[in-house]
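K.L.:
Would you mind keeping the following structure in view while I ask a few things?
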Amino acid sequence: MTEKLFTPLKVGAIEAKNRIVMAPLTRNRADNDTGEVNDMHVEYYRQRAGAGIIITEATQISPEGKGYLATPGIHSDAQVDAWKKVTDAVHEAGGKIVVQLWHVGRISHVSLQPDGQQPVAPSAIRADVKTFTENGFEPVSEPRALELSELPRVVADYAHATEMARKAGFDGVEVHGANGYLLDQFLKTGSNKREDAYGGSIENRARLLLEVLKAVTEAWDGDHVGLRLSPFSPANGIEDANPQETFDYVVEELNKFGLAYLHMVEGATGGSRELAEGQSLTALREKFDGVYMANNGYDRAMAIETVESGAAELVAFGRPYIANPDLAKRLEKNAPLNEGDHKTYYGGGREGFTDYPFLEEENA
Ligand code: 8OZ
């Protein structure tokens with residue numbers, strides 16, 4: 001019997017050959033000055049084309065959206081040309097690839113911003129976290145609150161990045177609404193103290209995300225657009241007074257856009273899957289009309305069971321994909337997994353990036 005996890009699924013416009021997704025993974029190996037990916041990325045993503053869908057590492061929609069050293073962008077023509085080599089390679093190898101559209105908001109440092117400017121945020125509240133700069137790990141800089149008049153420009157940057165992603169040959173885009181970055185900062189009460197139409201009530205806090213989704217689905221269409229959320233994660237110093245209430249509203253509203261999928265970080269990003277009293281992902285999943293992609297700490301048995309039971313249609317694997325380029329095949333064959341080397345997760349060259357072995361090499 002073939003378990004459902006290993007069978008195809010139509011995800012919006014994307015024909016996934018299995019239900020195993022490569023989750024977005026920040027690897028800090030793009031050109032720090034130009035935000036272009038390079039030959040290493042072509043090889044890295046080609047190697048992982050066995051996934052039903054690859055979601056690229058988080059990729060900034062504008063220079064201001066950058067918050068870490070050597071992350072890629074998708075706003076310049078040169079970046080598009082560089083990504084085109086990646087999408088061509090993945091397609092030749094029979095895979096599908098979407099780009100994760102990212103604006104970090106307050107999680108940045110002046111040294112990473114155009115002209116050394118302050119990072120932007122819903123409100124001028126610094127998160128007590130660090131980012132990765134030329135000088136190693138440094139506390140994020142004090143942000144400034146975005147003016148009301150600037151928000152249409154931020155929304156337009158998402159639409160522009162979507163157009164650039166189409167030109168680069170991607171199969172779709174994923175809007176990064178998770179992990180304490182700009183859109184999550186607007187959604188949650190700890191980081192959003194605005195007194196205009198984008199702060200206060202749930203409707204107001206969700207306004208920017210919903211405007212972004214409207215713009216992105218107009219620039220392409222809902223069938224090519226996914227969204228990642230992390231309702232209950234404290235990642236990057238984020239908190240919300242009532243996340244269940246906030247995300248009940250958000251997920252309800254998502255159904256207007258006919259999205260290809262909803263990608264959920266279940267629990268604390270990269271950490272515990274436990275939820276607090278009164279918090280339920282099932283309630284959110286049931287509200288959403290489309291394809292549900294589960295993520296966070298899944299192993300083979302959990303993934304098989306989750307898809308078999310219908311609790312999710314897709315399962316995204318992050319860290320296991322760093323060390324196992326052929327993860328989908330390994331899961332199908334129930335083969336052992338390689339261990340990743342943490343020292344080469346962020347930054348560096350080919351070592352720890354494109355040199356993890358495939359099953360055939362191990363058995364040769
Ligand atoms: C790890 C290091 C830097 C950024 C996320 C984009 O958490 C990230 C990220 C992860 O979504």
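The values are calculated or read from the model by the stated rules, or taken from the named source; none is laboratory data. What you see is a predicted model, and the numbers here were worked out from it, not measured in a lab. Here the Cβ is made from the backbone with ideal geometry for all residues, glycine too, and neighbour counts use every protein chain on show. Just the protein is used for accessible areas: all its heavy atoms, side chains included, with ligands, DNA and RNA removed. Shrake-Rupley method; radii C 1.70, N 1.55, O 1.52, S 1.80 Å.
K.L.:
What number goes with the only condition from (1) outside any loop (DSSP other than H, G, I, E, B); (2) within 16 Å of the chain's Cα centre (by Cα) that MET40 does not pass?
P.N.:
Tallying (1) outside any loop (DSSP other than H, G, I, E, B); (2) within 16 Å of the chain's Cα centre (by Cα), MET40 fails exactly one: (2).
K.L.:
Right, something else. Tell me which of these GLU274 doesn't satisfy, since it passes every other one: (1) surrounded by 14 or more Cβ atoms within 10 Å (Cβ to Cβ); (2) farther than 19 Å from GLU43 by Cβ.
P.N.:
Just one mismatch for GLU274, condition (1).
K.L.:
Consider only pairs whose beta carbons are under 8 Å apart and that are at least six residues apart or on different chains; among these, list those whose first residue lies in the stretch 173-200 and is at pLDDT below 95 and whose second residue is of a type outside the set (Ser, Thr, Tyr).
P.N.:
Listed by first residue and then by second, the contacts come to nothing, as the list is empty.
K.L.:
What residue, among those in the stretch 152-190 that are in a loop (DSSP other than H, G, I, E, B) and farther than 18 Å from ALA127 by Cα, is farthest from the ligand (Cβ to nearest atom)?
P.N.:
Result: GLY169.
K.L.:
Is one or more of the residues making up the stretch 226-238 more than 17 Å from the chain's Cα centre (by Cα) and open to solvent by 20 Å² or more (accessible area, probe 1.4 Å)?
P.N.:
yes
K.L.:
Of the numbered conditions (1) open to solvent by 10 Å² or more (accessible area, probe 1.4 Å); (2) closer than 19 Å to ARG228 by Cα, GLU134 fails exactly one; give the number of that condition.
P.N.:
(2)
K.L.:
Within the stretch 56-78, is there a residue that is over 27 Å from ASP341 (Cα atoms), within 18 Å of the chain's Cα centre (by Cα) and of a type in the set (D, E, K, R)?
P.N.:
The answer is yes, given that some residue of the stretch 56-78 is over 27 Å from ASP341 (Cα atoms), within 18 Å of the chain's Cα centre (by Cα) and of a type in the set (D, E, K, R).
K.L.:
Does the stretch 254-261 contain any residue that is surrounded by 21 or more Cβ atoms within 10 Å (Cβ to Cβ), free of Cβ contacts under 8 Å to residues at least 60 places away in the same chain and either assigned to a strand (DSSP E or B) or touching a His at 6+ places or on another chain (Cβ under 6 Å) (or both)?
P.N.:
No, because not a single residue in the stretch 254-261 is surrounded by 21 or more Cβ atoms within 10 Å (Cβ to Cβ), free of Cβ contacts under 8 Å to residues at least 60 places away in the same chain and either assigned to a strand (DSSP E or B) or touching a His at 6+ places or on another chain (Cβ under 6 Å) (or both).
K.L.:
Within the set of pairs 6 or more residues apart or between chains, which connect a residue that is more than 15 Å from the ligand (Cβ to nearest atom) inside the stretch 266-281 to a residue that is among the hydrophobic types (A, V, I, L, M, F, W, C) and part of a loop (DSSP other than H, G, I, E, B) with Cβ atoms less than 9 Å apart?
P.N.:
GLU274/ALA268; LEU275/PHE232; ALA276/PHE232; GLN279/PHE232; LEU281/PHE232; LEU281/LEU275
K.L.:
Can you tell me which residues in the stretch 126-156 are touching a helix residue (DSSP H, G or I) at 6+ places or on another chain (Cβ under 7 Å) and either without any contact (Cβ under 8 Å) to a residue 12 or more places away in the chain or among the charged types (D, E, K, R) (or both)?
P.N.:
ASP128, GLU134
K.L.:
Considering each residue of the stretch 1-60, count those that are open to solvent by less than 20 Å² (accessible area, probe 1.4 Å), among the polar types (S, T, N, Q) and closer than 17 Å to LEU101 by Cβ, and give that number.
P.N.:
Matching residues across the stretch 1-60 total 3.
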